[in-house]
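*Asks:* Dropping a structure here in C-alpha cells format, bear with me for questions.
The values are calculated or read from the model by the stated rules, or taken from the named source; none is laboratory data. A quick note: this is a predicted structure, and the numbers were derived from the prediction, not measured. Glycine also receives a Cβ, built like all others from the backbone with ideal geometry; neighbour counts cover every protein chain displayed.
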Amino acid sequence: MSVQTSSNRPLEQANLHTVIDSPDPESRVRSAPRRGQDPYPTRLSTPLDMPWLNRREEVVKGDAADGPLGQAQLDAFERQGFLFEPNFITGDELDELRRELKALLENEDFRGRDFSISEPQGNEIRSLFAVHCLSKRLSRLAHDERLRGRARQILGDEPYIHQSRINYKPGLEGKGFNWHSDFETWHAEDGMPAMHAVSASIVLTDNHAFNGPLMLIPGSHRVFVPCLGETPEDNHKRSLKAQELGVPSREALSALVKRHGIEAPTGVAGGLLLFDCNVLHGSNANMSPDPRSNVFFVYNRRDNRCVAPFAANQRRPRFLAHEPDEVWTPEG
C-alpha cells in the first residue's frame, strides 16, 4: 500500500523566521513563520508560500526505562507517528467493553444531545463524547495504568484526559472522514499550545480493509500543515459530522503520501492503536455489512493544558476539551 515530496515553491525570506534550502523536499521544511507567538499558524485567509512547517516538539519524550513500551516500539512510534499493538484486550474484558458500547449507543437519553453526534444523513450515533464521564467502566479503562503508563512514557510527563469518545461506523452506512491532524483542530479551536498529546484507540470490532479502518500517513507527524479558512461560530456542529475546514491542501497531502505512503492497521477486536496528535489520518466509508467501532482516549500533558484558542473566537464545548481533573456531566 506504500506509495513514496514534491519540490516546494521558493519562499520569500521576509515571511520566515529561518529559511533552510535543500534539494530534499522534506528537509526543505521551514521553521514556522510568526503570527504573534504562534509557531503553528492555521485557518489562514491566504496560503503560506510553503506546504508545511517544522514540528518543534520531540515525538517521544520518555525512554524505554519509563514504562511498558520497549525501545523497538518507541522507535517505531517515533518513526511512524503511531504504534499498533494487537490483542491488547481479550476475553471477558473485551466482551464487557462491547456490552458497554452497545448500552451507551442504545441509551435514549443521549440521543440528540450535543455530545452525541449522528451520521451526516441519518439518526445513527456516529460518535459519543466524554464517555469516561458517562460510563464508570470506561472511566476505569481511561485511568488504567496500561494506557496511562504508555501515554506518560511517550509524553514524558503526567497526562490527563483531554478528550474521550466512542466511534461507531455502521455497516453499509458509516461515512468516511477527511484527512486531518487532530492537533490542528485542538490548537485552532481548543487552544492546545504544543504537540504534547497522544491518542489511544482500542478497536472493539474486527477491523478489515472494507469496513472503513483508520488510515494514517506515517511520518506526517513531523510536519504541521497549515489550513485555510476562518473558523466560523460553532464550527464543531458541522465538523464533527463532516470535516471540511481544517483539512490539508491536496498538494500537501499528495506530497506527503507520495513520500510516506498510507497505512491502515487492521486486525481482530481488542487491538490498541497509539498515535501522535499531529499524524495525518482519515477513513473511508464502511462498504461492508460489518460495523466498525472503537473507544478513544486523548492524553495531554498537564503542562500543555489548553489556553485561548489560536484560530477561533471561543473554545469548543467542554465535552470536547476537558481540563485536568475536571468532572464533567451532561448537565454541566
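*Asks:* I'm told Lys175 meets every condition in (1) under 21 Å from Arg302 (Cβ atoms); (2) of a type outside the set (A, V, I, L, M, F, W, C); (3) in contact with a Pro (Cβ under 8 Å, 6 or more places away or on another chain); (4) assigned to a loop (DSSP other than H, G, I, E, B) except one. Can you identify the failing condition by its number?
*Replies:* (1)
*Asks:* Kindly indicate whether Glu331 is surrounded by fewer than 20 Cβ atoms within 10 Å (Cβ to Cβ) and within 22 Å of Met195 (Cβ to Cβ).
*Replies:* No: the conditions fail for Glu331.
*Asks:* Which of (1) within 25 Å of His236 (Cβ to Cβ); (2) basic (Lys, Arg); (3) crowded, with 16+ Cβ neighbours inside 10 Å does Arg113 not meet, given it meets every other one?
*Replies:* That leaves (3) as the condition not met.
*Asks:* So Ser283 passes all but one of these: (1) within 29 Å of Ser45 (Cα to Cα); (2) at pLDDT 95 or above; (3) surrounded by 18 or more Cβ atoms within 10 Å (Cβ to Cβ); (4) not basic (Lys, Arg). Which condition number does it fail?
*Replies:* Ser283 satisfies every listed condition except (2).
*Asks:* Could you say which residue among Arg250, Arg318 is among the basic types (Lys, Arg), at pLDDT 90 or above and under 27 Å from His143 (Cα atoms)?
*Replies:* Arg318
*Asks:* Quick one: is Lys258 among the charged types (D, E, K, R), part of a helix (DSSP H, G or I) and modelled with pLDDT of 95 or more?
*Replies:* yes
*Asks:* Moving on to the next point. All but one of (1) under 25 Å from His132 (Cβ atoms); (2) outside any strand (DSSP E or B); (3) over 15 Å from the mean Cα position of the chain (by Cα) hold for Ser293, so report the exception by its number.
*Replies:* (2)
*Asks:* Now a separate question. Among the residues of region 286-296, count how many are modelled with pLDDT under 95 and surrounded by 24 or more Cβ atoms within 10 Å (Cβ to Cβ).
*Replies:* 1
*Asks:* So Ala264 fits all but one of (1) among the small types (Gly, Ala, Ser); (2) at pLDDT 95 or above; (3) buried (at least 20 other Cβ atoms within 10 Å of the Cβ); what number is the exception?
*Replies:* Status for Ala264: all satisfied but (3).
*Asks:* Among the residues of region 231-238, is any farther than 21 Å from Lys102 by Cα, out of contact with any helix residue (DSSP H, G or I) (no Cβ under 7 Å at 6 or more places or on another chain) and surrounded by 24 or more Cβ atoms within 10 Å (Cβ to Cβ)?
*Replies:* Scanning region 231-238 turns up no residue that is farther than 21 Å from Lys102 by Cα, out of contact with any helix residue (DSSP H, G or I) (no Cβ under 7 Å at 6 or more places or on another chain) and surrounded by 24 or more Cβ atoms within 10 Å (Cβ to Cβ).
Yes/no per residue for (1) under 17 Å from Ala255 (Cβ atoms); (2) basic (Lys, Arg); (3) within 24 Å of the chain's Cα centre (by Cα); (4) modelled with pLDDT under 95:
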residue	(1), (2), (3), (4)
Ile20	yes, no, no, yes
Ser31	no, no, yes, yes
Thr46	no, no, no, yes
Pro51	yes, no, yes, yes
Val59	no, no, yes, no
Gly67	no, no, yes, yes
Gly70	no, no, yes, no
Ala76	no, no, yes, no
Leu83	no, no, yes, no
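*Asks:* For region 245-259, give me the residue count where each residue is more than 16 Å from Met50 (Cβ to Cβ) and in contact with a helix residue (DSSP H, G or I) (Cβ under 8 Å, 6 or more places away or on another chain).
*Replies:* Residues flagged as more than 16 Å from Met50 (Cβ to Cβ) and in contact with a helix residue (DSSP H, G or I) (Cβ under 8 Å, 6 or more places away or on another chain) within region 245-259 amount to 2.
*Asks:* Within region 132-139, is there a residue that is out of contact with any helix residue (DSSP H, G or I) (no Cβ under 9 Å at 6 or more places or on another chain), on the phi < 0 side of the Ramachandran plot and either surrounded by 15 or more Cβ atoms within 10 Å (Cβ to Cβ) or of a type in the set (A, V, I, L, M, F, W, C) (or both)?
*Replies:* no
*Asks:* Then there is this: Does region 170-191 contain at least one residue that is buried (at least 21 other Cβ atoms within 10 Å of the Cβ), farther than 20 Å from Phe319 by Cα and among the aromatic types (Phe, Trp, Tyr)?
*Replies:* Yes - at least one qualifying residue is present in region 170-191.
*Asks:* Then there is this: Under 9 Å between Cβ atoms, which residue pairs at least 6 apart in sequence (or on different chains) link something in region 185-200 that is under 11 Å from Arg305 (Cβ atoms) and part of a loop (DSSP other than H, G, I, E, B) with a partner that is modelled with pLDDT under 95 and among the basic types (Lys, Arg)?
*Replies:* Partner pairs satisfying both residue conditions: Gly191/Arg315.
*Asks:* Residues to consider are Pro317, Pro309; find the one that is in contact with an Asp or Glu (Cβ under 8 Å, 6 or more places away or on another chain), closer than 23 Å to Pro226 by Cα and not in a helix (DSSP H, G or I).
*Replies:* The conditions single out Pro309.
*Asks:* Considering region 297-327 alone, what residues qualify as being hydrophobic (A, V, I, L, M, F, W, C) and surrounded by fewer than 19 Cβ atoms within 10 Å (Cβ to Cβ)?
*Replies:* Within region 297-327, Val307, Ala308, Val327 meet the criteria.
*Asks:* Exactly one condition in (1) outside any loop (DSSP other than H, G, I, E, B); (2) more than 29 Å from Glu158 (Cβ to Cβ); (3) at pLDDT below 95 is false for Lys241; which is it?
*Replies:* It is condition (1) that Lys241 fails.
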